[in-house]
Amino acid sequence: MKFETVIGLEVHVELATASKMFCGCSTSFGAAANSQVCPICLGMPGVLPVVNQEAVQLALKTAVAFHCQIAAVCRFARKSYFYPDLPKNYQISQYEEPLATGGWLEISGQRIRIRRIHLEEDAGKLIHPEQDQTYSLIDFNRTGIPLMEIVTEPDLRSPEAAVEFLQRLRQNLRYLRVSDCSMEEGSLRCDANISVRREGQPGLGVKVEVKNLNSFKSVRKALLFEASRQTRLLIEGKPFRQETRLWNENLGITESMRGKEQAHDYRYFPEPDLVPLRFEAGVTASLKTEVVELPQARRERLIKDYGLSSYEAEVLTAEKEVADYFEEAVRYYPQPRMVANWIMGDLAGLLREKKCAINQQPVTAEMLGELARMVHDGKITMTAAKDVLRETFNTGKHPALVVQERNLVQIDDASAVKTVVDQVIAENPKAWADFLAGTDKAIGFLIGQVMRKTRGRANPRKVEELIRGYRHGK
Ligand SMILES: [Zn+2]
């Protein structure tokens, strides 16, 4: 008997606003505990919330980018529940009248439908000291930070598809500059609804909500675990209930947390302290002009306009800044494949080494273009160019200047190269003998010695030709 996994996601995204959802407190991450709070976000009696306009605009922009219908009127609602990190004992969210409904995002050629996008506020953070488990601490800095919740339809059919959706979503939100989506800082969090049914069975199986998924890896692992747990129960014919389960990262299992609450448990009602939001006609049209070219469109354009492979286009569009850098470098040096190789190879290596982003280092697109041109024109060798890139990356010196200062211009003079080759052969009789005896590996060593002596200024292909020519000559 075959089984099918059905997954829907609820993604919480912290919006990239400077201040909180309903007060003026800062949203910056990492400040001293409880240093970014005020009577409003602490839920003191008698205070009045005021909606953050920027947060609304960012959510609208997301809705437009994901092809959603923007509500003519949307309203905030109180979601009542008690938890120590929620000082008001209710969260301001949206319920029956969300900001937007009915959109989609494409993954691997399949449209994953988005049921709704709404705005709400984040809760505080509980800290449980490991050394003493008799007390807990609360940091209210996160309380009231604008959250956008994106809810999908149950269109995903595997844990891998769920992860792919999240990765694409994150990429798109970063392009839109709606959120930094840093999972380490909790700016992107996700709950997953997962059920298993017999293939062909109408309707959905018993749904389980999995919470506490803080990385792509934990999403994948938790959903794989849950899919096999539910499948086993179905095979054994054991009934199980709809519930909320927590992912336990250390044990690698999901654990029952509570029976699934129903909406009426939250006693939703319209927030009396906030007026409904009414969007003027034309708001969608004006937002469309603000929505940048998104990753998928950009991938397609890079393939079409620059002749890149789909793999190259995928890597170069992973971050908007990298794609911008690539296109700028190509303007300086119109050999797209070569520029792409430099960015994906040596430059990416340096960025990984120093753990920095492409727009946080000194090699400008113009410098990279110039470097590629010098190699192409035969002014410097590839070996030298790699060193030049590293020096430019470390010092910010223009590649042309580095080449000049370090005297790296390629030795074009054949007799000068020959002199060095002769020297190397004389100094390495064993390698030379091996090579003559037919050990082809030895030539690599000899070429390496020539490159070292010329500090990378000889053309390795010419050196090889020369050495092989000697053998034929002898
Ligand atoms: Zn505040």
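The values are calculated or read from the model by the stated rules, or taken from the named source; none is laboratory data. What you see is a predicted model; the values in this text were computed from it and never measured. Backbone-built Cβ (ideal geometry, glycine too); neighbour counts: all protein chains shown. To get the accessible areas, we keep the full protein, side chains included, count just its heavy atoms, and leave off ligands, DNA and RNA. Shrake-Rupley method; radii C 1.70, N 1.55, O 1.52, S 1.80 Å.
Any idea of the accessible area per residue across segment 234-325, 1.4 Å probe, to the nearest Å²? Before the final figure, lay out each step's value.
On the way: 5690 Å² over 92 residues.
For segment 234-325, the solvent-accessible area averages 62 Å² per residue.
Return one number: the angle in degrees, 0 to 90 and rounded to the nearest 10, between the long axis of the Cα atoms of helix 159-175 and the longest principal axis of the Cα atoms of the chain.
Roughly 80 degrees between the two axes.
Ranked highest first by average number of other Cβ atoms within 10 Å, how do 97-108, 264-275 line up?
Numbers: 97-108: 18.6, 264-275: 13.2.
Highest mean packing first, the order is 97-108, 264-275.
With all protein chains present, calculate the accessible area of ARG78 using a 1.4 Å probe and round the result to the nearest 10 Å².
Near enough 40 Å² of accessible area.
Length gain on complete extension for the stretch GLU314 to SER286, per 0.36 nm per residue less the alpha carbon to alpha carbon distance?
Once the chain is fully extended between GLU314 and SER286, it gains 7.2 nm.
Through the Karplus equation 6.51 cos²θ - 1.76 cosθ + 1.60, θ set to phi - 60°, convert the phi angles of segment 232-246 into ³J(HN,Hα) values in whole Hz; use x for Gly and Pro.
These are the phi-based 3J(HN,Hα) values: 4, 4, 5, 5, 6, x, 8, x, 9, 9, 5, 7, 9, 10, 9 Hz.
From the backbone phi of segment 83-93, what are the Karplus-calculated ³J(HN,Hα) couplings (6.51 cos²θ - 1.76 cosθ + 1.60, θ = phi - 60°) in whole Hz, Gly and Pro given as x?
The phi angles translate into 7, x, 8, 10, x, 7, 6, 8, 10, 7, 9 Hz.
Past the 28 Å Cα-Cα mark, which pairs from LYS320/LYS354; LYS354/LYS397; LYS20/LYS61; LYS79/LYS320; LYS207/LYS320; LYS430/LYS462? Can you show the working numbers first?
On the way: LYS320/LYS354 20 Å; LYS354/LYS397 17 Å; LYS20/LYS61 18 Å; LYS79/LYS320 37 Å; LYS207/LYS320 37 Å; LYS430/LYS462 22 Å.
Beyond 28 Å between Cα atoms: LYS79/LYS320; LYS207/LYS320.
Round to the nearest 10 and report in Å² the accessible area of THR419, as given by a 1.4 Å probe over the protein chains' heavy atoms.
Counting only protein heavy atoms, the figure is 80 Å².
From the residues ALA384, ILE92, VAL64, which one has its Cα farthest along the dipole of the chain in the positive direction, the dipole being from +1 and -1 charges on Cβ of Lys/Arg and Asp/Glu about the Cα centre?
Positive-end residue among those listed: ALA384.
Let me spell out the model: positive unit charges on the Cβ of Lys and Arg, negative unit charges on the Cβ of Asp and Glu, origin at the Cα centre of the chain. What dipole size does that give, in debye rounded to 20? Spell out each step's value before the answer.
Values: 64 positive and 62 negative charges, 236 e Å.
Once rounded to the nearest 20, the dipole reads 1140 debye.
Would you be so kind as to identify which of LEU173, SER108, LEU126 lies farthest towards the positive end of the dipole of segment 108-206, taking Lys and Arg as +1 and Asp and Glu as -1 on Cβ and the Cα centre as origin?
Of LEU173, SER108, LEU126, it is SER108.
In Å², what does the accessible area per residue of segment 414-473 work out to with a 1.4 Å probe?
Details: 3450 Å² over 60 residues.
Accessible area per residue, segment 414-473: 58 Å².
At a 1.4 Å probe, what is the % contribution of carbon and sulfur to the accessible area of segment 133-209?
Details: 1380 of 2910 Å².
Of the solvent-accessible surface of segment 133-209, carbon and sulfur hold 47 percent.
Can you give the Kirkwood hydrodynamic radius for segment 414-473, in Å, rounded to one decimal and based on Cα pairs? Please list the in-between numbers first.
Values: mean 1/r = 0.0895 Å⁻¹.
Kirkwood hydrodynamic radius for segment 414-473: 11.2 Å.
Go ahead and run the numbers for FRET between ASN359 and VAL51, Cβ-Cβ distance against an R0 of 30 Å, rounding to 0.05.
Working: r = 32 Å, r/R0 = 1.07.
Here the calculated transfer efficiency is 0.40.
Name the long-range amide H neighbours of TYR90: under 5 Å, sequence gap of 5 or more, or other chain; modelled H, no Pro or chain starts.
Amide H neighbours of TYR90, under 5 Å, 5+ apart: TYR81.
Which FRET efficiency value, to the nearest 0.05, do you get for THR395 and GLU236 by plugging their Cβ-Cβ distance into 1/(1 + (r/R0)^6) with R0 = 51 Å? Walk me through the intermediate numbers first.
Working: r = 66 Å, r/R0 = 1.29.
Here the calculated transfer efficiency is 0.20.
How long is the gain from GLU106 to LYS430 if the chain were fully straight, where each residue apart is worth 0.36 nm and the alpha carbon distance is subtracted? Before the final figure, lay out each step's value.
On the way: separation 324, 0.36 × 324 = 116.64 nm, distance 6.13 nm.
Between GLU106 and LYS430, full extension yields 110.5 nm more.
In the chain, what is the volume of the convex hull around the alpha carbon atoms, normalised per residue and reported in Å³? If you can, show how the numbers build up before the last one.
Values: hull volume 113.0 nm³, N = 474.
Spread over its residues, the Cα hull of the chain gives 238 Å³ apiece.
Over segment 414-473, with every protein chain in place, what whole percent of the accessible area is carbon and sulfur at 1.4 Å, could you tell me? Don't skip to the end; give the middle numbers.
Details: 1940 of 3450 Å².
The nonpolar share, carbon plus sulfur, comes to 56 percent.
Using 0.36 nm times the number of residues separating VAL409 and THR134, minus their current alpha carbon distance, what extension gain do you get?
Working: separation 275, 0.36 × 275 = 99.00 nm, distance 6.94 nm.
That works out to 92.1 nm of additional length.
Report Rg (one decimal) and Dmax (nearest whole number) for segment 1-130, counting Cα atoms only, units Å.
In order Rg, Dmax, the Cα atoms of segment 1-130 give 17.4, 60 Å.
Which whole-Hz couplings ³J(HN,Hα) result when phi for each residue of segment 267-272 is put into the Karplus expression 6.51 cos²θ - 1.76 cosθ + 1.60, θ = phi - 60°, listed in order with x for Gly and Pro?
Ordered by residue, 3J(HN,Hα) equals 6, 4, 8, x, 5, x Hz.
What order do you get for 381-393, 196-208 when each peptide is scored by the mean count of other beta carbon atoms within 10 Å, highest first? Please list the in-between numbers first.
On the way: 381-393: 20.4, 196-208: 13.8.
Ranking the peptides 381-393, 196-208 by packing returns 381-393, 196-208.
Relative to the longest principal axis of the chain, what angle (0 to 90°, nearest 10) does the C-alpha long axis of helix 414-427 take?
Rounded to the nearest ten degrees, it is 90.
How would ARG457, ARG331 rank on accessible area, largest to smallest, probe 1.4 Å?
Numbers: ARG457 50, ARG331 175 Å².
Sorted descending by solvent-accessible area, the residues read ARG331, ARG457.
Mind checking the angle between helix 460-473 and the chain's longest principal axis? C-alpha axes, 0 to 90 degrees, to the nearest 10.
Orientation of helix 460-473: about 40 degrees from the principal axis.
Could you order ASP85, ASP440 by accessible surface area, starting with the largest, using a probe radius of 1.4 Å? Walk me through the intermediate numbers first.
Working: ASP85 20, ASP440 75 Å².
Ranking ASP85, ASP440 by accessible area, largest first, yields ASP440, ASP85.
Can you work out the PRE-style zone for ASN34? Point 7 Å along Cα to Cβ, and I want the residues of segment 126-158 with backbone N under 14 Å.
Hits in segment 126-158 for ASN34 at 14 Å: 126-127, 136-143.
Sketch the reach of a paramagnetic label on SER158 as a point 7 Å from Cα along Cα-to-Cβ, and name the residues of segment 228-260 whose backbone nitrogen lies under 20 Å away.
Counting only backbone N, you get 228-232.
Mind listing the long-range amide H neighbours of THR254? Cut-off is under 5 Å, sequence gap 5 or more, other chains count too, H placed in the peptide plane at 1.01 Å from N.
ASN248
Relative contact order (percent) for the chain, with alpha-carbon contacts under 8 angstrom and 6 or more residues of separation? Each step should come with its number before you reach the end.
Details: 813 pairs, mean separation 63.9, N = 474.
Here the relative contact order equals 13 percent.
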